[in-house]
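Trainee: Pasting a structure here, questions to come.
The values are calculated or read from the model by the stated rules, or taken from the named source; none is laboratory data. Keep in mind that what you see is a predicted model, and the values were worked out from it rather than measured. Positions of Cβ are backbone-derived with ideal geometry, glycine not excepted, and every protein chain shown enters the neighbour counts.
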Amino acid sequence: MSSLKVVSEARAPIIELRHISKVYRMGEIEVRALREVDFTVRAGELVAIMGASGSGKSTMLNLIGTLDRPSEGEYLLDGEPVQNLDEFELAALRNRKIGFVFQSFNLLARDNALENVELPMVYAGEGRSTRRKRARAALERVGLSDRIDHLPNQLSGGQQQRVSIARAIVNEPLLLLADEPTGALDSATTTQVMELFVELHKQGMTVVIVTHDPNIAAYAQRVVSFKDGVIVSDETKTSKEPKDSDADDYQLPSDRARRLVDG
């Protein structure tokens, strides 16, 4: 067993899915999207969930993000059972513990970058001065401190996605959950955005990325592949040993770490 895996297993679980199944019923037709899946993500991991259309990866995303409920099994998020929480409790849980990044950015067109990043804190009831301070810090963290007053239509695709990442991390969530985050970006901007995810992970964030693209999955420490609602492979990189006890220094798909520039 590699030292990377040993360090990972020593960390507390953030995501624990136990014998999870998901069944969709459409009239008399029953579709089993997930079949008794066991899946754990520990604090500090960078995990890619892969699979073709219909494999179950999107259902996994929805369950992990508490956007849907399992038909069978148990889901613990940060040690807390969540499958029986009501909608208000789930919304509060998501606001505190999960940051979402979507392919389509989901920015409010009439709000500038700073205002978009403030939104999770508005829902959390934070005061205006606190919201402004933390939103500015999050935008600086993703390299957009000079774009805080720009509307989404004044930003490139890469910049819009970095605003959405800033919005996702502004509440310092336990988990950053990304759904095909580079699907709407060109190849150069994809590299910049993915290396931003890597940098956030190296700063200690737990990141789960759902993708169909093996080039995106290559940025992860661990790649979990789905087919027909079950996990068919779960591979952890062993090509480079971690330094000290952090397990955060591993080989990037690119030959060098690029400076984050405006995408």
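Trainee: Can you spot a residue in the stretch 23-35 that is of a type in the set (Val, Ile, Thr) and surrounded by 16 or more Cβ atoms within 10 Å (Cβ to Cβ)?
Mentor: no
Trainee: As an exercise: evaluate LEU90 against (1) over 30 Å from ARG147 (Cβ atoms); (2) assigned to a strand (DSSP E or B); (3) hydrophobic (A, V, I, L, M, F, W, C) and give the number of the one condition it does not meet.
Mentor: (2)
Trainee: Within the bounds of the stretch 175-189, is there any residue that is surrounded by fewer than 21 Cβ atoms within 10 Å (Cβ to Cβ), in contact with an Asp or Glu (Cβ under 7 Å, 6 or more places away or on another chain) and closer than 24 Å to VAL41 by Cα?
Mentor: no
Trainee: Would you check which residues across the stretch 113-145 are acidic (Asp, Glu) and modelled with pLDDT of 95 or more and list them?
Mentor: Answer for the stretch 113-145, where residues must be acidic (Asp, Glu) and modelled with pLDDT of 95 or more: GLU115, GLU118, GLU140.
Trainee: Here's a follow-up. Identify the residue in the stretch 1-22 that is of a type in the set (D, E, K, R) and either surrounded by 22 or more Cβ atoms within 10 Å (Cβ to Cβ) or modelled with pLDDT under 95 (or both) and, among all such residues, is farthest from THR236 (Cα to Cα).
Mentor: Only one residue fits best here, namely LYS22.
Trainee: Right, another one. For the stretch 128-143, which residues satisfy the criterion of being farther than 16 Å from VAL101 by Cα and in contact (Cβ under 8 Å) with a residue 40 or more places away in the chain?
Mentor: Result: GLY143, single match.
Trainee: Taking only the stretch 55-87 into account, find how many residues are in a loop (DSSP other than H, G, I, E, B) and without any contact (Cβ under 8 Å) to a residue 60 or more places away in the chain.
Mentor: Counting residues in the stretch 55-87 that are in a loop (DSSP other than H, G, I, E, B) and without any contact (Cβ under 8 Å) to a residue 60 or more places away in the chain gives 11.
Trainee: Is it the case that some residue within the stretch 110-124 is farther than 27 Å from LEU185 by Cα, out of contact with any Lys or Arg (no Cβ under 8 Å at 6 or more places or on another chain) and either surrounded by fewer than 20 Cβ atoms within 10 Å (Cβ to Cβ) or free of Cβ contacts under 8 Å to residues at least 60 places away in the same chain (or both)?
Mentor: yes
Trainee: If you take the residues of the stretch 219-245 that are at pLDDT below 95 and either out of contact with any Lys or Arg (no Cβ under 8 Å at 6 or more places or on another chain) or of a type in the set (A, V, I, L, M) (or both), which of them is farthest from ALA48 (Cα to Cα)?
Mentor: ASP244
Trainee: Right, something else. How do the pairs read when you match residues in the stretch 220-234 that are assigned to a strand (DSSP E or B) with residues anywhere that are of a type in the set (Phe, Trp, Tyr) and at pLDDT 95 or above, using Cβ under 8 Å and keeping only pairs 6 or more apart or on different chains?
Mentor: The qualifying pairs are VAL224/PHE39; ILE231/PHE39; VAL232/PHE226.
Trainee: Within the bounds of the stretch 83-95, is there any residue that is under 30 Å from GLN160 (Cβ atoms), surrounded by 21 or more Cβ atoms within 10 Å (Cβ to Cβ) and at pLDDT below 95?
Mentor: There is at least one residue in the stretch 83-95 that is under 30 Å from GLN160 (Cβ atoms), surrounded by 21 or more Cβ atoms within 10 Å (Cβ to Cβ) and at pLDDT below 95.
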